[in-house]
Structures are given as structure tokens and as C-alpha cells.
Amino acid sequence: MECLCPCTAIVPGMPPNKKGKGTTGTRKSGSGFSWTKAAMVIGGIGFVVVMIVTSLGSGWLVGMKPAQSGDVAYCDVTLKDDQGRTVFTTSERIFNASLEKGNPAWLAASMAIPVNVTTDNLVEPVTAYFPGAGQTPFAFLGPEYNQIAEGLIGMKDGQTRHIPFEQNTAFQREMTEEEFAGIGGNFTQAQVGDQLIFGFTTAPMIGADDNTTPGYALRTVIVSNKTGETVTVVYGYAAADVTILQLSRAS
């Protein structure tokens, strides 16, 4: 009797018939997921990343390292009085913006400040430009300079930090009408908040028998109080905004 079912006859002595290439149920070449290929691709990407990072050298790591004592920070520095007005800056943008507001300020080049390295000088002269006066030394007070140098610790390239200054009552002077007139001030017209230009010696006072001429630097001061008989002038400022442009490592 002839078999009508769709079966495959097995001939004695021969193995069962195997499915050939291209028949149903056969996986085509290149299809599906291959862990071997994935590992090769991932390994290749890793190699490329390592090569790129290596080609950058160690400079990018240095830029991420915070400033430490002994490093030198090249900075933009802006000093402000207690009313928030700019009185000194190394930024042309801030200088011009202050002028547009009718508030003349000192303009200097960016400053190189050793991190956490302080000075014993009361005045550190910095060459600066002031509208109408030209280029002349600006009297940067030593205690304010020191607070900036200390405030640089932990900062990174491109970072900006607001550094409030400790207020020192020694940095103010109360003057009578005669004393104020003696330095060129107009007692009648003086008002609280006025800005004046004072000169400061940059070296200890020298005896009369010494022919050496002491140096001077100029600084903007602020009238903080006025009574019917006296005017009080403050030398110190309120704060500094400091931006590190570049760090030079001590080692």
C-alpha cells in the first residue's frame, strides 16, 4: 500500500537526510546577534578612546587640579566699594561698563598672584590707568592683596570667586574741615558716598637727612560719614571678584 503521509523514508544503511543550505530553519550568514563581533567592536572603541586621551597628555588633568600654595594664578581682579561700585579692575569689559554708568575706575593688566603667598607691605603698587590721570601706580593695600592670595586656594582654571574683605577700622580717617581742605578737599560740597583720590607712600617714611624720595601710589577712597565739623574717609574696599585665567603649578 502506498503511504500518503508527508514522511521521509529511511533507507537501511543510510543516515537520515539533513536539511541543505538555504532551506527553511537555516540561519542566514550575517544575521542575528554575535557576541564575538560585539566584543570586537567594543574593544575597538575602547582602544580609540584610550588613544585620544593619551594624545591629550596630562595638561587636562592639571587644569582640573585645584590651586595649591606656591602655585601662581594669573587672574582677573575687580575691587568694589561698599556700594558695589567698581573701583579697580583688570577687565576692559567691566571697566567700560563702569564708565558708561558714570563711575570712573582704575584699569590694569591681569595680575600674577602666588597662591597663599602674602606680603608684609601696607601698599603694593600696581601699574594702572585712570581716566584723566593716565597711567600711574595704583595703591593695592597689602591686607586686601593677602586675602585674595589666600582666597585662591582650591580654585580651578576659569573659576570665579567673590572674596569679601575683613573691614579694618585702621583704614579710615576722620578729618576736620581744615585738614580736609589741606589735602585739596571741598568740605562744603563733600557728601557721603563721594569718591576721592588719595596718595599713599609705598615705602616707610624717610628721615629728613636722607635724600631718597619715597614712592607714592594713588587710590580711590570713599567718604563714609560727614558731620558739621568732620569728614570721615574710608580707604578699604568691600570685596573682590577674582577669576583664574590660568594656573602655573609650583611643581
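The values are calculated or read from the model by the stated rules, or taken from the named source; none is laboratory data. The model shown is predicted, which means the values in this text are computed figures rather than measured ones. Because the Cβ atoms are built from the backbone with ideal geometry, glycine has one as well, and the counts that use them run over all protein chains shown.
Scanning the stretch 178-206 for residues that are surrounded by fewer than 16 Cβ atoms within 10 Å (Cβ to Cβ) and acidic (D, E), we see that the one that is farthest from T243 (Cα to Cα) is E178. On the stretch given as the stretch 107-130, residues that are closer than 25 Å to Q172 by Cα and either assigned by TED's automatic domain parsing to the domain that holds I197 or outside any strand (DSSP E or B) (or both) total 5. When every residue of the stretch 79-91 is checked against the conditions, none turns out to be in contact with a Pro (Cβ under 7 Å, 6 or more places away or on another chain) and not in a strand (DSSP E or B). Determine whether E124 is over 16 Å from I244 (Cα atoms) and modelled with pLDDT under 95. So E124 fits the description; yes.
The one condition from (1) in contact (Cβ under 8 Å) with a residue 12 or more places away in the chain; (2) over 15 Å from Y235 (Cβ atoms) that N168 does not meet is (2).
Screening the candidates G46, G59, G63 for the property of being surrounded by fewer than 10 Cβ atoms within 10 Å (Cβ to Cβ) and modelled with pLDDT under 55 yields one hit, G59.
All but one of (1) hydrophobic (A, V, I, L, M, F, W, C); (2) free of Cβ contacts under 8 Å to residues at least 60 places away in the same chain; (3) under 19 Å from A67 (Cα atoms) hold for I153; which doesn't? Result: I153 passes all but (2). For the stretch 92-106, the condition of being part of a strand (DSSP E or B) and either at pLDDT 95 or above or within 20 Å of the chain's Cα centre (by Cα) (or both) holds for at least one residue. Residues that are exposed (fewer than 13 other Cβ atoms within 10 Å of the Cβ) and either touching a Gly at 6+ places or on another chain (Cβ under 7 Å) or over 30 Å from A250 (Cα atoms) (or both) do occur in the stretch 135-148, at least one of them.
Please indicate, with yes or no, whether at least one residue in the stretch 165-177 is surrounded by 12 or more Cβ atoms within 10 Å (Cβ to Cβ), in the same structural domain as V223 (by TED's automatic domain parsing) and in contact with a Lys or Arg (Cβ under 7 Å, 6 or more places away or on another chain). Taking every residue of the stretch 165-177 in turn, none turns out to be surrounded by 12 or more Cβ atoms within 10 Å (Cβ to Cβ), in the same structural domain as V223 (by TED's automatic domain parsing) and in contact with a Lys or Arg (Cβ under 7 Å, 6 or more places away or on another chain).
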